[in-house]
1. Does THR79 satisfy the criteria of being closer than 21 Å to ASP122 by Cα, part of a loop (DSSP other than H, G, I, E, B) and not small (Gly, Ala, Ser)?
2. Filter the stretch 45-79 down to the residues that are among the β-branched types (Val, Ile, Thr) and more than 17 Å from LEU148 (Cβ to Cβ) and list them by number.
3. Checking the condition of a type outside the set (A, V, I, L, M), in contact with a Pro (Cβ under 6 Å, 6 or more places away or on another chain) and under 26 Å from GLU50 (Cβ atoms), which residue from HIS160, HIS150 passes?
4. Give the residue that is surrounded by the fewest Cβ atoms within 10 Å (Cβ to Cβ), with candidates limited to residues of the stretch 135-164 that are assigned to a strand (DSSP E or B) and of a type in the set (D, E, K, R).
5. Checking ASN64 against (1) surrounded by fewer than 23 Cβ atoms within 10 Å (Cβ to Cβ); (2) in a loop (DSSP other than H, G, I, E, B), which test does it fail?
6. Look through the stretch 41-62, keep the residues that are of a type in the set (D, E, K, R) and in contact (Cβ under 8 Å) with a residue 40 or more places away in the chain, and return whichever of them is nearest to PHE121 (Cα to Cα).
7. Go through the stretch 169-218 and count every residue that is surrounded by 15 or more Cβ atoms within 10 Å (Cβ to Cβ) and at positive phi.
Amino acid sequence: MQEQSLQNKKAWEHRAYEFWHKRDGTPQEKASQIVANPIACLKKHSPYFENVAGKRVANLCGSNGRKAVPIALLGAEVTVFDISEENRRYALELAESANTTIEYIVTDIYEIDLQKYGGYFDLLYLEGGILHYFSDIDRFMSILFGLLKHGGTLILSDFHPLRKCIISQGDVDYFDRELRSGSVAYKDFFAEEEQSEFPDVSIRLYTLSEIINSVLSAGFQLQRFEEHRGWENENIPWEFTIVASNET
């Protein structure tokens, strides 16, 4: 496992299970919410999962299973690839509480077994801000391309690269290509006196053109690109969604 991945694994295995309880409640509580309306849990991406029954879906960097479990309840065979054992623990308890099953593989995405999973999945789903954890985006996209069967679909949603620049009022360099340290996403959910104990993550920010060109260079055919407002309808580009296929 490369150095960046080791650093991010260390960070995401520090009290992550505790964090999910703080934010989402117990797996039993979260499961009751999901079971009540699985498709609604996929929010703006729900239209892509209306006919997912019987399909093989990979949820990469699938975190605590909050997306994998509703997709499984909709009838898909779901495999999560994620680097954190703490995330896995919550996700499997969540699936059990929702009376469904998911496969959860703790691994560095760079080290996914393509002998086993090459050309295996009908659909790949990535969301929630994950691209900055990978310093080699071209290698990352190549792996995604290899996981899809012919005619499969990639749904990739991430934070819009302009978001941090706008929020910081220009202090964040949009064209910064350096690998930098940053705080793990959930650090602020803990008491200030505890935050110094949290390991940093290692991140590399990308421009929008770098992301789109990497998708195309891997061999994907771009089908749709969408930009989304802020979570509270702020008038800034907060997230984006790319839909692409590997059909030539």
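1. So THR79 does not fit the description; no.
2. VAL69
3. HIS160
4. Let us first name the residues in the stretch 135-164 that are assigned to a strand (DSSP E or B), namely 148-159.
Right, trim to of a type in the set (D, E, K, R) and you get 149, 158.
Values: LYS149: 13, ASP158: 20.
For the stretch 135-164, the residue satisfying everything is LYS149.
5. With respect to (1) surrounded by fewer than 23 Cβ atoms within 10 Å (Cβ to Cβ); (2) in a loop (DSSP other than H, G, I, E, B), ASN64 is out only on (1).
6. Taking the candidates together, the pick is ARG56.
7. 0
Every read-out reported here was derived from the displayed coordinates using simple, explicitly stated rules and does not represent laboratory data. Because the structure is predicted, anything quoted here is derived from the model rather than measured. Positions of Cβ are backbone-derived with ideal geometry, glycine not excepted, and every protein chain shown enters the neighbour counts.
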